[in-house]
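The values are calculated or read from the model by the stated rules, or taken from the named source; none is laboratory data. Since we're looking at a predicted model, the values are computed, not measured. Virtual Cβ from ideal backbone geometry, glycine too; neighbours counted across all protein chains shown.
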Amino acid sequence: MHRARGPAGWGGTWVPQLVGVFGAGMVAAAFFSADPAGGLPPGTPLGPPTSMSTPEMVHFLVSGVTFPALIAVCFAFGRRFAAAERRGWAAFSMVTGALFLVAWISIFAMQGSQVADVAFALAIALVLAWTHPTTLFCPMRPGTRPAGEGPPSAMCARC
């Protein structure tokens, strides 16, 4: 990603590292799952749990690092798209980052709220749906291309 997007500026330096933090955090969150709560899975009492297990504490600690990293990536890609005059992708990236930030904060501000839980689940779906096409269509720095590639692909040429 660093070679393809170029080293210049904040995005070229930090975005690959922040994406790595996000990926590592997703793996860690899978190993340290949250406790059942809010009626999920079926049979679990409604409402927030009365205590937190160690795996759940690690899960939330990891999310405290992982999600801000992904939010920063959304805004960095939004800036890159804006600089390339790709307004639609810039807006999509910025709105995705903003909605994800609001939904993530709502989890803490409205603990136990089903509305916050649903909003957060939808925000996760949005940000994960954003990641793949964004990395495909992110404009490359002029004069750069991934190592080992010949001429830029047609997709990158449109950027």
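Which residue out of F67, F60 is in a helix (DSSP H, G or I), within 15 Å of the chain's Cα centre (by Cα) and either at pLDDT 95 or above or of a type outside the set (A, V, I, L, M) (or both)? So that I can check it myself, show each step before the final result.
Working: F60 fails: within 15 Å of the chain's Cα centre (by Cα).
Checking each option against the conditions leaves just F67.
Which members of the range 122-142 meet the condition of being modelled with pLDDT of 90 or more and more than 12 Å from the chain's Cα centre (by Cα)? Working first, answer last.
Step one: of the range 122-142, the residues modelled with pLDDT of 90 or more are 122-127, 129-130.
L122 - this is the single residue of the range 122-142 that is modelled with pLDDT of 90 or more and more than 12 Å from the chain's Cα centre (by Cα).
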(request) Of the numbered conditions (1) outside any helix (DSSP H, G or I); (2) at pLDDT 75 or above, F22 fails exactly one; give the number of that condition. (result) (1)
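I'd like the full set of residues that are in a helix (DSSP H, G or I) and surrounded by fewer than 17 Cβ atoms within 10 Å (Cβ to Cβ), limited to the range 35-57. Give the steps one after another, and end with the answer.
Step one: list which residues in the range 35-57 are in a helix (DSSP H, G or I), which gives 54-57.
Scanning the range 35-57 gives T54, P55, M57.
When you check V73 against the structure, is it under 21 Å from A125 (Cβ atoms), at pLDDT 85 or above and β-branched (V, I, T), yes or no? Working first, answer last.
Details: under 21 Å from A125 (Cβ atoms): yes; at pLDDT 85 or above: yes; β-branched (V, I, T): yes.
Against the criterion (under 21 Å from A125 (Cβ atoms), at pLDDT 85 or above and β-branched (V, I, T)), V73 qualifies.
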(message) Under 6 Å between Cβ atoms, which residue pairs at least 6 apart in sequence (or on different chains) link something in the range 84-111 that is at pLDDT 95 or above with a partner that is surrounded by fewer than 20 Cβ atoms within 10 Å (Cβ to Cβ) and of a type outside the set (V, I, T)?
(response) T96/L126; G97/F75
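If you go through the range 81-124 one residue at a time, how many are outside any helix (DSSP H, G or I) and either in contact with a Phe, Trp or Tyr (Cβ under 8 Å, 6 or more places away or on another chain) or surrounded by 15 or more Cβ atoms within 10 Å (Cβ to Cβ) (or both)?
Keep residues of the range 81-124 that are outside any helix (DSSP H, G or I), which gives 84-86, 110-113.
Still in the list and also either in contact with a Phe, Trp or Tyr (Cβ under 8 Å, 6 or more places away or on another chain) or surrounded by 15 or more Cβ atoms within 10 Å (Cβ to Cβ) (or both): 84, 86, 113.
Qualifying residue count, the range 81-124: 3.
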(message) So, R145, is that one at pLDDT below 90 and closer than 20 Å to W14 by Cβ or not?
(response) no
